[in-house]
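Comments concern the structure below.
The values are calculated or read from the model by the stated rules, or taken from the named source; none is laboratory data. Note that the structure is predicted; figures quoted are calculated from it, not measured. Here the Cβ is made from the backbone with ideal geometry for all residues, glycine too, and neighbour counts use every protein chain on show.
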Ligand SMILES: Nc1ncnc2c1ncn2[C@@H]1O[C@H](COP(=O)(O)O)[C@@H](OP(=O)(O)O)[C@H]1O
Ligand SMILES: [Mg+2]
Ligand SMILES: [Mg+2]
Ligand SMILES: [Mg+2]
């Protein structure tokens, strides 16, 4: 890769390529049928696919960007095993390498970047066979702010030049654009997307106040933001702790690159520096444009905001 291409663009190109490789690992683990499920906490699981995909992504990025901070969801996923050499991906996606870098990101160095890796978002759905909901997320933050990201969907089916293709990779770079999918306008009526497997009474209360025509309950922060980008849902509402920085970094960056917004339920942006706490304690609120976002925020009652902020 040319050293003349700005770091952020090279890193996004590397992230697209390695997310594709990680997606193949996710499919291979499922085909073998040995998921190796570990219960990390209540309603919180890890599989061999989460562990292996994370090892692939972190080893590949660390090999190319040795001084950069990379934070993955899973703790100690390697268990002392060596990484297969074909899991190390070092070439970058050629289309992304052509991107013109926003001026203010041109001088960014490895020390200014934190990469947030969710090797498999939607693990509950993966173990239950809702495979379309599963994504691989790589979020790139610069000085605490998400600026670029990748959402890879390993089980997305399409036809390319008359051939069946499995998997697709959506990317975004703030102020430069998005790719890997066809953006669509939001639906005509208000459709909310929310959690399928992590609800509670406050989550439900925040859905009721939206006065929506439909509520879609699907897995993963990545998949919910894809539904916003593709015009399948108007707003993503999750009034609960539970999501972490690796769930929202890539989706927030791509949504912002597409003109949208992702914050907590109070309307505040999360920060993504290496020392922040991992949990997104005050929930998630997101939309593909400002009008929908402001509508949704205006519907959240103060007592609900207080309930989340004071938990
Ligand atoms: N109550 C909770 N406990 C643990 N994880 C939660 C959670 N609520 C949300 N999450 C995490 O946030 C992500 C999106 O959740 P959801 O599908 O419910 O919207 C999932 O990421 P992972 O699948 O990567 O762990 C999920 O585990
Ligand atoms: Mg998890
Ligand atoms: Mg996740
Ligand atoms: Mg995960």
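Going by what's in this entry, would residue 21 be described as closer than 28 Å to residue 199 by Cα, touching a residue at least 40 places away in the same chain (Cβ under 8 Å), away from ligand 1 (no atom under 16 Å from the Cβ) and in the same structural domain as residue 96 (by TED's automatic domain parsing)? No: the conditions fail for residue 21. Taking region 239-270 as the range and being in a loop (DSSP other than H, G, I, E, B) and farther than 20 Å from residue 306 by Cα as the test, the residues that pass are 258, 259, 260.
Of all residues in region 121-140, none satisfies being within 16 Å of ligand 4 (Cβ to nearest atom) and in the same structural domain as residue 271 (by TED's automatic domain parsing). Kindly evaluate residue 236 against the criterion of being crowded, with 21+ Cβ neighbours inside 10 Å, at pLDDT 95 or above and in a loop (DSSP other than H, G, I, E, B). No. Within the bounds of region 268-283, is there any residue that is under 13 Å from residue 148 (Cα atoms), buried (at least 24 other Cβ atoms within 10 Å of the Cβ) and more than 16 Å from ligand 2 (Cβ to nearest atom)? Yes. For residue 16, indicate whether it is within 27 Å of residue 219 (Cβ to Cβ), in contact (Cβ under 8 Å) with a residue 40 or more places away in the chain and assigned by TED's automatic domain parsing to the domain that holds residue 124. For residue 16, the condition - within 27 Å of residue 219 (Cβ to Cβ), in contact (Cβ under 8 Å) with a residue 40 or more places away in the chain and assigned by TED's automatic domain parsing to the domain that holds residue 124 - is met. Residues in region 93-109 that are within 18 Å of residue 257 (Cα to Cα) and in a helix (DSSP H, G or I): 95, 96, 97, 103, 104, 105.
Restricting the search to strands (runs of 3 or more DSSP E) fully inside region 27-80 and requiring at least 3 residues that are crowded, with 16+ Cβ neighbours inside 10 Å gives 69-72. Restricting attention to region 191-224, the residues that are more than 22 Å from the chain's Cα centre (by Cα) and within 16 Å of ligand 2 (Cβ to nearest atom) total 0. Screening residue 147 against (1) outside the structural domain of residue 258 (by TED's automatic domain parsing); (2) in a helix (DSSP H, G or I); (3) touching a strand residue (DSSP E or B) at 6+ places or on another chain (Cβ under 7 Å) leaves a single unmet condition, (2).
Picking from residues in region 210-223 that are in a loop (DSSP other than H, G, I, E, B) and touching a strand residue (DSSP E or B) at 6+ places or on another chain (Cβ under 9 Å), the one that is farthest from ligand 4 (Cβ to nearest atom) is 213.
When region 105-129 is filtered for residues that are touching a strand residue (DSSP E or B) at 6+ places or on another chain (Cβ under 9 Å) and away from ligand 3 (no atom under 16 Å from the Cβ), the ones remaining, listed by number, are 105, 108, 110, 111, 112, 113, 114.
Each row is one residue, and each column tells you yes or no for (1) under 17 Å from the mean Cα position of the chain (by Cα); (2) farther than 25 Å from residue 142 by Cβ; (3) modelled with pLDDT of 95 or more.
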residue	(1), (2), (3)
71	yes, no, yes
77	no, yes, no
92	no, no, yes
95	no, no, yes
98	no, no, yes
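Regarding residue 196, is this residue touching a strand residue (DSSP E or B) at 6+ places or on another chain (Cβ under 6 Å) and assigned to a loop (DSSP other than H, G, I, E, B)? Taking the combined requirement at face value, the residue satisfies it.
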